[in-house]
1. Can you give the Kirkwood hydrodynamic radius of the stretch 761-905 from its Cα pairs, in Å with one decimal?
2. For LEU559, what charge total do you get from the other residues with a beta carbon under 11 Å from its beta carbon, if Lys and Arg give +1 and Asp and Glu give -1?
3. Where the centre of each part is set by its Cα atoms, how far does the stretch 167-244 sit from the stretch 537-570, in angstrom?
4. Near the amide H of ILE154, under 5 Å away, which other amide H atoms are found, from residues 5 or more places off or on another chain, if H is placed in the peptide plane?
5. Near CYS650, within a Cβ-to-Cβ distance under 12 Å, what is the net charge of the other residues, with Lys and Arg +1 and Asp and Glu -1?
6. Local charge sum around ARG772 (other residues, Cβ-Cβ under 15 Å, Lys/Arg +1, Asp/Glu -1)?
7. Given PRO839, LEU853, SER871, which one lies farthest toward the positive end of the charge dipole of the stretch 765-871, if we put +1 on the Cβ of every Lys and Arg and -1 on the Cβ of every Asp and Glu?
8. With a ≥ b ≥ c taken as the square roots of the eigenvalues of the C-alpha gyration tensor of the stretch 82-191, please select rounded if a/c is under 1.5 and otherwise prolate if a/b is larger than b/c or oblate if it is not?
Amino acid sequence: MQPKQWSQMVFNIPFRNTFQRLPMMTCAEIDEIVGLLWTGWTNGTVIALMPDMRSVYCRFSVGNSVVRTLVPASDGILVVTQNAIEHYSFGGVGGKSISCPGIIACTRIPGTPTVVTATLGELCSLINTETGKTTMRLPSTYGVTSLASTSEYILTGHTDGRVTVFPTANPRPVSGAVIHPGPIGKLAVVSAAPLTFAATGQFPHSPVPAPLVLMGQLVQGQIVVLPPVRTMAPPAGLGNVHDGLAVPCVDGSVLVLSRQQPHSPTLQLPPIMPMVAQATVSACGADLIAVASPVTPQLMLYTTGAMRSQVPTPAALGVKARRPVQASWGVADPIPCPLNPLPERLARMPPPKKVGTKALSRTVWRGSVGTYQEPRVDRSKQPPPHYRLQLADFDRVATGAFDFDASNQTTLCGLERTSDTAFVNAILQMLYAITPLRHSLHSHGLCDTELCFTCELSCALDGMATCSHFHCSNLLRAMRLHPAADQAGFGTSHFPLPQRVTSCLLFLLNHVDTAVDSISDLLGIQYDSKITCAGCGTVVDKSSTVNSVEFDPMNPTELSTSIRTIQHVCHVCGGLKQAEVVKKAANHPPFILLTVGEWQKRPIQRTLSVAGEEYAILASASVVHQQFPSGIIPSHTIAHVLSPDGWVACNDFTLTKVTETEVLQVAPWRQPFALVYQRRSTDPVSMPCSPLVPPHPGPELACIPAGANLGIDMEFVLIGGELSHFNSDGDRVIDKLPETALARVTVVKEDGTPIIDDKIAAVEPVVDYVTRFSGIVAGDLQAGKPDVLSLKQVFSKIKTLRDMGVIFIGHGLDSDFRVLNLGVRSDQIIDTVKIAHLPGKRRLALRYLAKALLGRDIQVGNHDSLEDAVSAVDVYHEIVRLREAGEWEKRLERLYEDGPSQSWGKV
């Protein structure tokens, strides 16, 4: 039998997403009769692809709830979200809704209208989607993470690594077994007779999946654990195709495992899309594997054929529909095999309508009676104004016109929020409170490693100590480029936010600790453990040091001593046995960092006792759940920090003084995920820290005296790509502008002699060199050229000049240093855009100032950073001369009077 030929197609999904990171696909399902491919996404969007998979037939939103499962129905689609099972027509018009709050997993019993849901209330229910009635409830199933089903059995995966099998007609379990030491991730049925299943498992206390496909089989009423299949990368999904089990992995590769010999893959597709964070599999006539990436708004489709080569338009079907959204395609191999003729039911589809979130029907069905309900806001669950999500005008931020100081009445530094990865801000505010940690990181200096988190974290905390507001873009960029950071939840938005933030905090500490030994001296708790095997009584002594401890608010004494029962591999009696673990703290670090899995709605303890030593609260970080009248509940992070002026609530760039009572009280909208306690006997001044590293200027900077005036200018290019989509009228709408990256830095003396003129190698794709404004052309930023350095090398030079106390003269330096991501004190900056400015008036361009004050034409062709740096210094000198002569105020007013007649210097 000839192996099937697989083809690859890339579909560009047109998402409108101006603020948050790209949504991720959570499920995909093919309507076997109509042929539409339905896809659900983490932002509550449902997209249906036409049968040729080349255009979008309809697209609608079900709110901001994650789409768990899609179930094709005779007259539309059933959408299972986190809180309900809702029916929508083919055009996206909402109908009846079955309320089911807290859905964490869902599966459909094949060939029936029944779905199985698992909720946060630890209850699994069988619901008939045609009648809306619950037909059966399974007994209490603690910690369900995933579901799978056949026509005869229901399988549940649990947080303790257990898989349980229930019959569909009986709520009593058939069998259960532990197949993994960590939580079960995804479940899939490989074959029904005998019942064989596959699962993915996560590492304990981490969202990172293990690079294994766990296998099990039901034999004579008992689950037999089969040898796992090892994969090159952690699996992102599981699903059935005709040849076996498809396993898409997080690196973009796809494995197809044979049912008879799963350890010998029948197909291995190479990585196509970077960092696939979610994947689903559907099979209908032809095998279809759909995967999606958080990096680009693309959907990768692998198919064995049987895709329609010609698809009639909605008008040809007799459906008055809006124009399908246009999309670009890349097809590896043509797919000539047509499907059967289009069913008549597709021609009777109602026209797709544009339905907003607020217009969706909220009819809750109880039996045959439906009641329309609008989303209501529980005022008791609303956070105070200073804890709500804070957004800034990005255009004003980029130009330096946004007043951050108006939102900060404290001595601490506010942090900008420009993306959904800004949850790192709360982590940084919390770590900033540990003063010896800042000194330890600063003593590391800047090493030669390009992607060093010790350097990036040190520079981020240094910027927070220098400025009243800061944007940690270099740290976020390093985490975005590091594959392990994405696997830890940094860029994977479908993980719950508390889990993402905790994983990223542990990721940072683990990577920083490898370079700075004093991290363990500050935070490390040494635990001495005795493991006693229940089978033979063998005792094993073990000692370990951890920089963070998982904290149970209900049992705070476990920080000192804990007794637990675990599954342990005994080397004496052999096999997996139960063992008792007695763990005791053996030291008293100056600070302890506690991570919290789930807070039990009780106040935070002001003090803790660890092995007889008393600790007091120093900082905390929490997730805030904010409810809007539309029913959308976005989450963001905040921090509480004990500063010399008292307690401060840090909500990105909004900093507010609060009381200790407010810090310790936990409201319904607040979920703490990390706490920092300081030993009462700790004196931060006497803490052993490495000496601070003084600046070591290179040969090109050795001749610069401390406190010298230097001109500086920077040029930028655009990276990351623009996100856009086509609306229902066929017009192109821009959703997100490209990001800027540093391309060239020039520093000159007051006489115009250049001392630094370097270009920065591009490590991310450049979408536009904006040559007219940057002077950069393709090929200028290619690594390996003599004048092309890494961003870290150029950053180190400018940071050295800053530490030497030089005064930077330039035009628009706030935006320049913001992109460079270097904190510079205001007394070290002379910005001509601020000096030559009248309150309430427009900002004057350097080109206009040079022409009006110096009689010099600049920027005639392309911009040149050397020319701009020299011009900024000369403009400043002329302003100083006019000010000393007492003529500057009148000259400035005349500049604004003459500006319109000269088009403000535009060429």
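Where a number appears in this text, it was derived from the coordinates with a stated rule and is not lab data. No experiment lies behind these values; they were computed from the predicted model shown. Ideal geometry is used to build each Cβ from the backbone, glycine not excepted, and the neighbour counts take in all protein chains shown.
1. 17.1 Å
2. -2
3. 28 Å
4. Here the answer is PHE166, THR168, since their amide H atoms fall under 5 Å of that of ILE154.
5. Once all neighbours under 12 Å are counted, the net charge is +1.
6. -3
7. Positive-end residue among those listed: PRO839.
8. Prolate.
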